[in-house]
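First up is the structure itself, then whatever we jot down about it.
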Amino acid sequence: MSGAPVDPAVPPSVAPATQAPKRGHVSVWLRVASSVLFVPLLMLMARAGGVVWLAFVAIQTLLGLEEFYRMTRAKGLEPVRWLGFVSALALLALAYRPQTPNASLLATASLLLLLALALRRGGQSRVLESAAVTAFGVFYVGWLSAHFVLLRELPWRAGLAYGDGSSLVLFAFLVTWSCDTGAYLTGRAFGRTRLSAAISPRKTWEGSIGGFVFAVIASCLGAATFLKPEGGGPLLPWPHAVAVGALVGVCGQVGDLVESLFKRDTAAGDSSDLIPGHGGVLDRFDSLYFGAPIVYHYLRAVIFQVP
């Protein structure tokens with residue numbers, strides 16, 4: 001990410017670079033090892049598409065939502081976890097099969113059930129807040145994750161070969177994670193000025209600029225290489241590739257800061273220790289929750305112009 005090891009006791013404008021502790025080097029190698037194992041698996045699942053990709057997104061969603069609800073419980077809230085899980089999975093199913101009948105009925109029933117369950121907690125403290133975080137978790141993790149499915153299924157609506165959907169998904173991952181990596185590396189090497197000390201003291205403006213530049217470069221490289229429909233030319237002309245990279249370079253870092261805000265508010269370090277070197281699912285996918293919707297809606301509305 002965009003973190004640099006800045007000493008909190010030193011003003012941000014003059015904070016000197018510090019030698020990364022040995023544990024930091026171990027963390028970097030863990031990040032690399034985790035990526036080497038995960039990226040080929042991600043490519044295989046994206047290529048398969050269909051229920052394979054849907055299952056992967058569902059697992060990611062359930063794990064991320066559990067981490068989010070665990071953080072809220074640290075603040076004394078009691079989200080209705082099972083209802084949140086069911087509702088989030090229903091959103092994924094609707095993204096996979098948007099023609100599902102009575103979709104609005106399902107959404108209405110979930111909301112009414114959540115409110116009815118709140119009545120059972122009458123007399124307890126913070127009932128309203130618990131109901132609110134239950135619903136918010138569904139939208140934050142569930143709905144934003146549904147864009148991974150929407151992006152993979154977009155070729156059906158855009159008139160492309162279904163196999164092209166894997167390139168769309170991998171393009172979103174490439175640009176977003178390039179932003180993360182660029183921000184992390186640039187922040188470690190050159191970070192001096194804090195970006196937002198109140199939210200994440202380790203993130204710096206230098207790291208943020210580096211992440212933005214990496215995102216634009218990755219978008220242009222991806223558009224020029226593998227983001228091409230079968231038998232066709234580049235899907236994104238370079239001005240559009242620059243635009244997508246710039247949008248993801250900004251919005252992806254906003255997603256990272258949002259999750260940092262949640263962790264700071266709940267006094268959590270990482271959302272979990274599930275992924276070696278990365279933390280939890282939310283730590284790894286926080287920027288993708290913002291980056292993937294940007295890529296999807298840009299392609300849908302600007303490039304393919306489908307409703």
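You will find that of L227, L168, the residue that is touching a Pro at 6+ places or on another chain (Cβ under 8 Å), crowded, with 19+ Cβ neighbours inside 10 Å, assigned to a helix (DSSP H, G or I) and among the hydrophobic types (A, V, I, L, M, F, W, C) is L168 and no other. Sort out which residues of the stretch 202-215 are surrounded by fewer than 23 Cβ atoms within 10 Å (Cβ to Cβ) and either within 17 Å of G291 (Cα to Cα) or out of contact with any strand residue (DSSP E or B) (no Cβ under 6 Å at 6 or more places or on another chain) (or both), and write them in order of number. Within the stretch 202-215, E206, I209, F212, V213 qualify.
A quick yes/no check of all residues on (1) modelled with pLDDT of 95 or more; (2) aliphatic (A, V, I, L, M); (3) in contact with a helix residue (DSSP H, G or I) (Cβ under 6 Å, 6 or more places away or on another chain); (4) outside any helix (DSSP H, G or I):
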{"position": "P8", "(1), (2), (3), (4)": "no, no, no, yes"}
{"position": "P12", "(1), (2), (3), (4)": "no, no, no, yes"}
{"position": "A15", "(1), (2), (3), (4)": "no, yes, no, yes"}
{"position": "V51", "(1), (2), (3), (4)": "yes, yes, no, no"}
{"position": "L54", "(1), (2), (3), (4)": "yes, yes, yes, no"}
{"position": "E78", "(1), (2), (3), (4)": "no, no, yes, yes"}
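Conditions (1) under 29 Å from A74 (Cβ atoms); (2) of a type in the set (A, V, I, L, M), marked per residue:
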site: L94; (1), (2): no, yes
site: P98; (1), (2): no, no
site: A103; (1), (2): no, yes
site: A107; (1), (2): yes, yes
site: S110; (1), (2): yes, no
site: A118; (1), (2): yes, yes
site: G122; (1), (2): yes, no
site: V127; (1), (2): yes, yes
site: S130; (1), (2): yes, no
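V258 meets all of the listed conditions (1) at pLDDT below 80; (2) under 22 Å from G207 (Cα atoms); (3) of a type in the set (V, I, T) but one, namely (1). Pairing residues of the stretch 34-57 that are touching a residue at least 60 places away in the same chain (Cβ under 8 Å) and on the phi > 0 side of the Ramachandran plot with residues that are loosely packed, with under 15 Cβ neighbours inside 10 Å and outside any helix (DSSP H, G or I), at Cβ distances under 8 Å and at least 6 apart in sequence or on separate chains, gives G49/Y162; G49/G163.
As a summary of the residue check, A161 satisfies the conditions (1) crowded, with 18+ Cβ neighbours inside 10 Å; (2) more than 16 Å from the chain's Cα centre (by Cα) except for the one numbered (1). Considering only residues in the stretch 98-123 that are small (G, A, S) and within 26 Å of the chain's Cα centre (by Cα), the one that is surrounded by the fewest Cβ atoms within 10 Å (Cβ to Cβ) turns out to be S104. For the stretch 275-286, the condition holds for no residue, the condition being that it is in contact with a strand residue (DSSP E or B) (Cβ under 8 Å, 6 or more places away or on another chain), surrounded by 20 or more Cβ atoms within 10 Å (Cβ to Cβ), modelled with pLDDT under 90 and not in a helix (DSSP H, G or I). Going by the structure shown, is F139 closer than 21 Å to L282 by Cα, free of Cβ contacts under 8 Å to residues at least 12 places away in the same chain and either within 23 Å of the chain's Cα centre (by Cα) or in a loop (DSSP other than H, G, I, E, B) (or both)? So F139 passes the test.
The values are calculated or read from the model by the stated rules, or taken from the named source; none is laboratory data. In this text, all values refer to a predicted model and were calculated from it rather than measured experimentally. Note that we place each Cβ from the backbone using ideal geometry, even for glycine, and neighbour counts take in every protein chain shown.
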